[in-house]
1. Return the total of residues in segment 137-153 being closer than 13 Å to Asp24 by Cβ and either free of Cβ contacts under 8 Å to residues at least 40 places away in the same chain or touching a helix residue (DSSP H, G or I) at 6+ places or on another chain (Cβ under 6 Å) (or both).
2. Would you point out the residue of segment 76-106, among those that are surrounded by fewer than 23 Cβ atoms within 10 Å (Cβ to Cβ) and over 12 Å from the mean Cα position of the chain (by Cα), that is farthest from Leu167 (Cα to Cα)?
3. May I ask you to list the residues in segment 101-121 that are in contact with a helix residue (DSSP H, G or I) (Cβ under 8 Å, 6 or more places away or on another chain) and over 17 Å from Met44 (Cα atoms)?
4. Could you list, in sequence order, the residues of segment 62-74 that are outside any loop (DSSP other than H, G, I, E, B) and in contact with a helix residue (DSSP H, G or I) (Cβ under 7 Å, 6 or more places away or on another chain)?
5. Val128 - would you say it is at pLDDT 95 or above, among the β-branched types (Val, Ile, Thr) and open to solvent by 80 Å² or more (accessible area, probe 1.4 Å)?
6. Among the candidates Ala146, Ala161, Ala135, single out the residue that is under 21 Å from Leu83 (Cβ atoms), surrounded by 13 or more Cβ atoms within 10 Å (Cβ to Cβ) and over 14 Å from the mean Cα position of the chain (by Cα).
7. I'm trying to understand the selection: among the residues of segment 93-130, which are assigned to a helix (DSSP H, G or I) and of a type in the set (Phe, Trp, Tyr)?
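The values are calculated or read from the model by the stated rules, or taken from the named source; none is laboratory data. Keep in mind that this is a model prediction, so the values were computed, not measured. All Cβ positions, glycine included, derive from the backbone under ideal geometry; neighbour counts span all protein chains shown. Heads up: the accessible areas ignore ligands, DNA and RNA and are worked out on the full protein's heavy atoms, side chains in. Shrake-Rupley method; radii C 1.70, N 1.55, O 1.52, S 1.80 Å.
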Amino acid sequence: MTQARWDQPLFSTTSAPATTVTHDAGLLLLRLVVGLSMAGHGTMKLFGWFGGPGLTATGKGFTMAGYPAGDAMAVIAGLSETLGGLGLALGLLTPLAGAALTSVFINIIDVRGLSAYFPPKGVELEVVLFAAVIALTLTGPGRFSADHHLPVLRENRPRHALAALLLGAVAGFVVLIVRD
């Protein structure tokens, strides 16, 4: 009798699940859309690109939301979104990209509040993007990624994904604790 492992498929006798080109293409498309969207939001905060507020206004927004050192928080959030988004889009160090974006989304959803799910004050878009980040972190980036060429990250490693999501959640909640 074989022992169940987290990194094996649920109903398969092989040690590694077979992926198809369409599976990997789907992961690539999802990574590009979600990752580049998040990177774009980060550059809006950091540099004011794409009509964004830039660091000064973003820092004031963080201060108004109750975060200490609003300017520093703006840099941290902007870098987390930009680098996490680019990492996700490229499939580069995907678990760490997922961790960075997880911490961001925990704070976004807390600041926005959960009083309404749909617009005008809803969080449905944030929840969908957060779910996509979690899903990509858990599934891995697929063959069309930079991680595919890194031996330690070539295959989906559930322990890396779970550790990264835990790290992101802890970081996100630590930041929430320092918020007024």
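1. 5
2. Once the filter is applied, the top-ranked residue is Leu90.
3. Of all residues in segment 101-121, those in contact with a helix residue (DSSP H, G or I) (Cβ under 8 Å, 6 or more places away or on another chain) come to 101-110, 112, 117-118, 121.
Within segment 101-121, Thr102, Ser103, Ile106, Asn107, Ile109, Asp110, Arg112, Tyr117, Phe118, Lys121 meet the criteria.
4. Kept after step one, since they are outside any loop (DSSP other than H, G, I, E, B), are these residues of segment 62-74: 62-64, 70-74.
Of everything in segment 62-74, those that are outside any loop (DSSP other than H, G, I, E, B) and in contact with a helix residue (DSSP H, G or I) (Cβ under 7 Å, 6 or more places away or on another chain) turn out to be Phe62, Thr63, Gly70, Asp71, Met73, Ala74.
5. So Val128 fits the description; yes.
6. Ala146
7. Residues satisfying the conditions are Phe105, Phe130.
For every residue, the table says whether it meets (1) over 27 Å from Gly61 (Cα atoms); (2) modelled with pLDDT of 95 or more; (3) of a type in the set (Lys, Arg).
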residue: Arg112; (1), (2), (3): no, no, yes
residue: Lys121; (1), (2), (3): no, no, yes
residue: Thr139; (1), (2), (3): yes, no, no
residue: His148; (1), (2), (3): yes, no, no
residue: Glu155; (1), (2), (3): yes, no, no
residue: His160; (1), (2), (3): yes, no, no
residue: Leu167; (1), (2), (3): no, yes, no
